[in-house]
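The values are calculated or read from the model by the stated rules, or taken from the named source; none is laboratory data. Bear in mind the structure is a predicted one, so any value in this text is a computation, not a measurement. Heads up, the Cβs are rebuilt from the backbone with ideal geometry, glycines too, and the neighbour counts pull from every protein chain shown.
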Amino acid sequence: MSYKERLLAAVRESNKVKEVPVPDLSEPVYVRRMSGAERDSYEAALGEYRDKQGKVDVLGHSQKITAQLLLVGLGDENGERIFDDDDADMVRKTFSWAAMDFLSGEVLRFNRLNDNAAKDAAKN
């Protein structure tokens with residue numbers, strides 16, 4: 001097996017899921033690692049919420065932004081996406097804000113997308 005094949009196999013192995021217990025839900029929820037392409041897609045989806053300085057304007061858009069994150073950050077027990085890109089409205093209307101907020105925090109931490117992620121990863 002070439003180094004390239006070994007490296008890609010190691011990357012695939014590291015792309016595991018994390019089961020997250022969510023209060024009031026009888027089904028387990030799985031947080032998955034995003035690929036680089038999925039991260040780019042998520043960032044592109046945020047484009048419509050950016051102000052003139054390029055910063056994401058969360059005010060009035062937090063549910064939409066959070067739903068976009070959950071679309072790519074939640075998966076099944078094998079790490080496969082469970083939501084399509086056009087499921088954002090359904091996610092916003094179905095999940096409670098408390099569940100969305102909790103799960104988005106888990107997705108951010110698991111994918112090391114927030115400010116504290118590096119500190120959290122160092123602890124684990």
> Among the listed residues Ala10, Ala88, which satisfies the condition of being modelled with pLDDT of 90 or more and either charged (D, E, K, R) or in a helix (DSSP H, G or I) (or both)?
Replying inline: Ala88
> Does Gly79 qualify as being outside any helix (DSSP H, G or I), within 18 Å of the chain's Cα centre (by Cα) and small (Gly, Ala, Ser)?
Replying inline: yes
> What residue, among those in the stretch 91-109 that are crowded, with 18+ Cβ neighbours inside 10 Å and more than 12 Å from the chain's Cα centre (by Cα), is modelled with the lowest pLDDT?
Replying inline: Phe95
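Every residue, every condition in (1) more than 15 Å from Phe110 (Cα to Cα); (2) surrounded by 13 or more Cβ atoms within 10 Å (Cβ to Cβ); (3) in contact with a helix residue (DSSP H, G or I) (Cβ under 9 Å, 6 or more places away or on another chain), yes or no:
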residue: Val17; (1), (2), (3): no, yes, yes
residue: Asp51; (1), (2), (3): yes, no, no
residue: Leu74; (1), (2), (3): no, yes, yes
residue: Gly79; (1), (2), (3): no, yes, no
>> Please count how many residues of the stretch 19-49 are modelled with pLDDT of 85 or more, outside any loop (DSSP other than H, G, I, E, B) and surrounded by 12 or more Cβ atoms within 10 Å (Cβ to Cβ).
In response: 7
> Filtering the stretch 1-58 down to residues that are within 12 Å of the chain's Cα centre (by Cα) and polar (S, T, N, Q), which residue is farthest from Gly79 (Cα to Cα)?
Replying inline: Ser41
